[in-house]
Structure formats: C-alpha cells, structure tokens
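Each remark here refers to the structure printed beneath this line.
Throughout, read-outs are computed from the coordinates displayed, never taken from laboratory work. Being a predicted model, the structure only gives us computed values, none of them experimental. Neighbour counts are summed over all protein chains in view; Cβ atoms, including those assigned to glycine, are modelled from backbone coordinates with ideal geometry.
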Amino acid sequence: MVDHVSPLLDRIREDQALTTLMACLEFDLGGADHVEFVRLASGDRLEPVAGCGAGGTYFLCGEGAGEDRPVLYADSEGSAGLLADDLRGALTILVGLPTWHDCHFARPGGLDATTAEAERFHRERLEDDPDYPDDSATVADALGLELAPRPELIRRLHAAWSRTVPDYVLLNEWDGAYELLF
C-alpha cells in the first residue's frame, strides 16, 4: 500500500515534465514493484515508492509521516543500503549525484577516492552523452531541494549507508539477507 501523504512525491506525480526528469534520474514512480517479496529484518514497515531502470526499488522505512522516514534502496541483484534519513535527503542525493550507484566505499583511499571517482564518472557521463540532460538545478528548484557539492553528498550517502546494519537489513522471502550495497 502506497502512502500518498508526501508533498514531494505528489509534486512529482502532478508534473509530467518533472516525472520524466525524475525517471531519467532513475527515480520512476511507476516502477515501485520490487523483483521479489522483501521485508526489513527489524520488522519495521517497508513501503516501495519508486523504481529505477535497472530493476531496483526505493523504499520508505518504518512508521511516521510520509516522507520523513528513512529511504532504503534495493537493487535487483540482492544488495541494499540506506540512502538517507528521509525522502528529501534521498532526492537531494539522487538529483545532485546522479552517479551515486557508482560509489564504492570499500576502496583504498576512502571517501577521497570515492569522491574523485564520482567526479570522473560525472565528467565522463556528460562527455559520452552530449544529449544527457544535466537538469539537476531545474529538478532541485521544482522540488525545493537545496543541492550541495558532490563531495558533501557523498559524505551524506556514506553516513546513511553506514547505518544500514542492523535496522535496515533487507530480507527476502526465505529470510536471506541482502548484501550491503556499495
């Protein structure tokens, strides 16, 4: 059951151009069906709200008012991780750091290496696809998001990801735990 008490999600739903831009940023409100039944190990509520082109799903976790709940992302290959403490924080990361999927926190060099790689991926994406719409400012303005520099967004993503265990571990229907994303 989808909790429709979310001004941010409603804003995206109400504006077709914004819906399309968010789908380009891999946040598709029409793709909220996950590839399998899942639940949180903590037993807390898990609500799918969007999907991505690679078959992943964004979930709001726990109880509380709509978008004020933590956001977990689960891919279609059995990995999951906490993205942010709330929907606004998750959307800020998705909009300001569209290559967030490519972050790898276990690499030598720590967050500095992850940041350098994210900057490289961003440059390459713009160079390789001249038609790629870098509409982050437009989307941020439409959603009332305050974008931060990519290094700060990577630090926020890492901080959230670091809190995945134990409360946001995702289990499949056979109680097998998803691997930790990144």
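Laid out as a table, the results:
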item: Per residue convex hull volume, Cα atoms of segment 1-96, in Å³; result: 92
item: Using a Förster distance of 25 Å, the FRET efficiency for D141-A116 (Cβ separation, nearest 0.05); result: 0.35
item: Long-range Cα-Cα pairs in segment 110-182 (distance over 18 Å), rounded percent; result: 60
item: Contour minus Cα-Cα distance for L29 and A177 (0.36 nm per residue); result: 50.7 nm
item: Label-point separation, T99 to A159 (7 Å along Cα→Cβ), nm; result: 2.3
item: Relative packing of peptides 146-154, 46-54 - highest average C-beta neighbours within 10 Å first; result: 46-54, 146-154
item: Helical segments meeting 24 Å axial Cα length and Kyte-Doolittle 0.5 threshold in the chain (DSSP H); result: none
item: Rounded to the nearest 20 debye, dipole of segment 1-116 from Cβ charges on Lys, Arg, Asp, Glu; result: 140
item: Among L143, L87, L157: highest mean-square fluctuation, GNM of the chain, C-alpha pairs under 10 Å; result: L143
item: Kirkwood-type radius of segment 35-86, with distances r between different C-alpha atoms, in Å; result: 11.1
item: Ordering of 89-96, 24-31 by packing [mean C-beta count within 10 Å, highest first]; result: 89-96, 24-31
item: In nm, spacing of pseudo-spin labels at A54 and Q16 (7 Å Cα→C-beta vector); result: 3.0
item: Net charge of neighbours whose Cβ lies under 13 Å from the Cβ of E179, counting Lys and Arg as +1 and Asp and Glu as -1; result: -2
item: For the chain, fraction of C-alpha pairs farther apart than 24 Å, in %; result: 34
